[in-house]
Amino acid sequence: MAVVRPFCAIRPRADIASAVAALPYDVYNRAEAKAETQREPLSFLCIDRAESQLGDDVDTYDPRVYEKARQLMEARIEDNTFIQDEKPCFYIYELIMDGRSQTGIVGCASIDDYISGTIKKHENTRADKEVDRINHVDALSAQTGPIFLAYRGRDDLREVIKKVKSSATLYDFTSPDGITHRVWKIDDSSDIGAVEKAFKDTESIYIADGHHRCASAVKVGQKRRQEHPDYTGTEEFNYFLSVLFADEELMIMDYNRVIKDLNGHTPKEIIDILSSKGSIEIREGQFKPEHKGEVGVYLDNNWYRFRFDDSLIPDDAVEGLDVSVLQNNVLEPVFGIKDPKTDKRIDFVGGIRGLDELEKRVSQDCKIAFAMFPTSISELFDVADASLLMPPKSTWFEPKLRSGLFIHKIER
């Protein structure tokens with residue numbers, strides 16, 4: 001049973017929503033964040049990455065950065081850049097990329113469900129990466145970046161979504177990267193009740209993306225509980241901002257690997273080694289894997305289709321993932337990469353960048369690239385259900401949820 005509840009969103013006025021909506025804070029480095037906020041002064045990145053509004057001599061994690069973020073958000077509420085709905089509502093958020101639509105429900109999930117494991121994760125988090133967002137949420141007393149959650153699709157939720165999407169939108173715009181964003185409000189009490197009941201009847205919810213933001217929101221909630229020992233569980237700090245998508249709505253893209261040297265091998269030796277671990281054939285032009293167990297290999301200006309021998313693919317939620325099979329049978333024994341999280345000889349390229357980016361990297365600073373078949377949402381669920389963790393860089397979700405369209409205020 002999962003608890004997901006409506007909330008009184010703080011959100012931008014409709015006429016400026018397209019200017020406010022911003023990609024997640026961690027998509028940008030500092031210089032890129034500064035350039036983006038100069039291009040669009042209303043961008044929520046001004047608040048999400050408030051160091052962009054301060055001098056370059058101010059450290060990214062300086063307390064002044066979080067104070068600046070708080071000041072900016074309060075000023076934008078004061079000048080009606082942001083408005084707040086008076087009644088708790090759910091929202092529907094649709095993103096369209098390259099003609100493909102995915103639609104989720106915006107609401108607030110329970111920190112107790114995260115603690116108990118009803119909300120399941122497939123990644124570990126690093127404390128140092130959590131600190132920044134803990135400080136940000138704590139200073140603003142608000143959650144500004146929604147957590148990307150997934151659930152197994154349900155007819156009752158499909159019906160509510162279909163009904164509400166037939167009404168007028170709150171927002172409808174296309175961002176500079178070509179993604180169309182549409183938002184509707186679920187404010188009918190019967191529809192709100194139907195959404196709450198559906199999630200209460202849902203056994204598990206899964207973190208698809210945003211593990212660090214989620215862990216940070218939960219830790220701020222726990223901190224507020226300590227500060228308010230008489231808390232009842234109904235306070236907003238007991239919940240965190242989320243967008244929940246049915247599994248059939250989601251598309252996971254490939255997360256590819258590039259290696260900076262051949263670990264003393266010649267290109268021919270690499271091909272011979274791969275041929276001993278499965279089948280490999282040269283291709284004319286680029287090769288993008290079409291099936292699980294297939295890998296595209298770019299080496300010495302040639303593309304190859306490589307398929308692992310079935311005997312190398314174990315029946316295990318984690319070890320059977322293509323990224324695990326590649327790591328265990330090729331990257332470690334052939335290239336000497338024991339820990340891909342720390343080895344500087346390996347880099348990861350999100351599938352959104354395409355195969356051209358792999359060719360570019362091999363021509364510049366790498367020697368070989370591996371194009372992966374995407375991890376499936378069912379594989380993600382299987383790993384989380386088994387209380388296991390995926391290898392690093394296993395999933396790449398597109399399109400990215402925008403920050404600034406929904407803000408969840410919590411009590412100080």
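Criterion applied to Ala35, Ala17 was being in a helix (DSSP H, G or I) and in contact with a Phe, Trp or Tyr (Cβ under 6 Å, 6 or more places away or on another chain), and the one residue passing it is Ala17. Only residues that are basic (Lys, Arg) and in a loop (DSSP other than H, G, I, E, B) were counted across region 229-265, and they come to 1.
Restricted to region 337-365, and to residues there that are hydrophobic (A, V, I, L, M, F, W, C) and closer than 9 Å to Val258 by Cα, the residue that is surrounded by the fewest Cβ atoms within 10 Å (Cβ to Cβ) is Phe348.
Being among the polar types (S, T, N, Q), in a helix (DSSP H, G or I), at pLDDT 95 or above and crowded, with 19+ Cβ neighbours inside 10 Å, is that true of even one residue in region 266-286? Show your work before the answer.
Quick first cut of region 266-286, residues among the polar types (S, T, N, Q) only: 266, 275-276, 279, 286.
Those left that are additionally in a helix (DSSP H, G or I): 275.
Narrowing the set further to residues that are at pLDDT 95 or above leaves 275.
Cutting the leftovers down to crowded, with 19+ Cβ neighbours inside 10 Å gives us none.
No, every residue in region 266-286 fails to be among the polar types (S, T, N, Q), in a helix (DSSP H, G or I), at pLDDT 95 or above and crowded, with 19+ Cβ neighbours inside 10 Å.
Output yes when any residue across region 170-187 is of a type in the set (S, T, N, Q), in contact with a His (Cβ under 8 Å, 6 or more places away or on another chain), at negative phi and at pLDDT 95 or above, and no when none is. Within region 170-187 (the criterion being of a type in the set (S, T, N, Q), in contact with a His (Cβ under 8 Å, 6 or more places away or on another chain), at negative phi and at pLDDT 95 or above), the answer is yes, since at least one residue qualifies.
Looking across Val318, Val325, one residue alone is hydrophobic (A, V, I, L, M, F, W, C), in contact with a helix residue (DSSP H, G or I) (Cβ under 8 Å, 6 or more places away or on another chain), surrounded by 14 or more Cβ atoms within 10 Å (Cβ to Cβ) and assigned to a loop (DSSP other than H, G, I, E, B). It is Val318.
Could you run through region 1-14 and say how many residues are more than 18 Å from Ile77 (Cβ to Cβ), in contact with a Pro (Cβ under 6 Å, 6 or more places away or on another chain) and outside any loop (DSSP other than H, G, I, E, B)? Reasoning before the result, please.
So in region 1-14, the residues more than 18 Å from Ile77 (Cβ to Cβ) come out as 1-6.
Adding the requirement that they be in contact with a Pro (Cβ under 6 Å, 6 or more places away or on another chain) leaves 6.
In the following step, the residues that additionally are outside any loop (DSSP other than H, G, I, E, B) were identified as none.
Adding up the residues that qualify gives 0.
Here the condition is being in the same structural domain as Asp128 (by TED's automatic domain parsing), surrounded by 20 or more Cβ atoms within 10 Å (Cβ to Cβ) and without any contact (Cβ under 8 Å) to a residue 60 or more places away in the chain; of Arg49, Arg39, Arg64, it holds for Arg49 alone.
Out of the residues in region 318-371 meeting the condition of being of a type in the set (A, V, I, L, M, F, W, C) and more than 21 Å from Asp300 (Cα to Cα), tell me which one is modelled with the lowest pLDDT. Even if it seems obvious, please write down each step before you answer.
Looking only at region 318-371, we keep the residues that are of a type in the set (A, V, I, L, M, F, W, C), and these are 318, 321, 323, 325-326, 330-331, 334-335, 337, 346, 348-349, 352, 355, 358, 362, 366, 368-371.
From what's left, more than 21 Å from Asp300 (Cα to Cα): 318, 321, 323, 325, 352.
On the way: Val318: 96, Leu321: 97, Val323: 97, Val325: 98, Ile352: 93.
The qualifying residue modelled with the lowest pLDDT is Ile352.
Per the conditions (1) in a loop (DSSP other than H, G, I, E, B); (2) modelled with pLDDT of 95 or more, the sole criterion not satisfied by Asp382 is (1). Restrict the check to region 379-395 and report whether at least one residue is closer than 30 Å to Ala150 by Cβ, basic (Lys, Arg) and surrounded by 18 or more Cβ atoms within 10 Å (Cβ to Cβ). For region 379-395, residues closer than 30 Å to Ala150 by Cβ, basic (Lys, Arg) and surrounded by 18 or more Cβ atoms within 10 Å (Cβ to Cβ): present. Set side by side, the residues Ser394, Ser387, Ser363 differ, and just one is among the small types (Gly, Ala, Ser) and not in a loop (DSSP other than H, G, I, E, B), which is Ser363.
Those residues that are assigned to a helix (DSSP H, G or I) and either touching a strand residue (DSSP E or B) at 6+ places or on another chain (Cβ under 8 Å) or not assigned by TED's automatic domain parsing to the domain that holds Glu78 (or both), I need them from region 20-32; list them, please.
Initial filter on region 20-32 (assigned to a helix (DSSP H, G or I)): 20, 25-27, 30-32.
Hits for region 20-32 are Val20, Tyr25.
Across region 105-126, the qualifying residues are those that are closer than 18 Å to Gln143 by Cα and small (Gly, Ala, Ser), and the one among them that is surrounded by the most Cβ atoms within 10 Å (Cβ to Cβ) is Gly107. Condition check: surrounded by fewer than 20 Cβ atoms within 10 Å (Cβ to Cβ), among the hydrophobic types (A, V, I, L, M, F, W, C) and either over 30 Å from the mean Cα position of the chain (by Cα) or under 19 Å from Val362 (Cα atoms) (or both). Does Val334 satisfy that? Judged against the criteria, Val334 is a match. In region 38-68, the qualifying residues are those that are assigned to a loop (DSSP other than H, G, I, E, B) and aliphatic (A, V, I, L, M), and the one that is nearest to the chain's Cα centre (by Cα) is Leu42. With respect to (1) without any contact (Cβ under 8 Å) to a residue 60 or more places away in the chain; (2) over 18 Å from Leu355 (Cβ atoms), the lone exception for Leu262 is condition (1). In the set (1) surrounded by fewer than 23 Cβ atoms within 10 Å (Cβ to Cβ); (2) assigned to a strand (DSSP E or B), the condition left unmet by Gln226 is number (2).
Can you pull out every residue in region 237-248 that is touching a helix residue (DSSP H, G or I) at 6+ places or on another chain (Cβ under 9 Å) and not small (Gly, Ala, Ser)? Steps first, answer last, please.
The first filter runs over region 237-248 and keeps only residues touching a helix residue (DSSP H, G or I) at 6+ places or on another chain (Cβ under 9 Å), leaving 237-242, 244, 246-248.
Hits for region 237-248 are Phe237, Asn238, Tyr239, Phe240, Leu241, Leu244, Asp247, Glu248.
Among the residues of region 75-86, how many are surrounded by 11 or more Cβ atoms within 10 Å (Cβ to Cβ) and not small (Gly, Ala, Ser)? Here the count works out to 7.
The values are calculated or read from the model by the stated rules, or taken from the named source; none is laboratory data. Since the structure is predicted, the reported quantities are computational estimates derived from the model, not experimental observations. All Cβ positions, glycine included, derive from the backbone under ideal geometry; neighbour counts span all protein chains shown.
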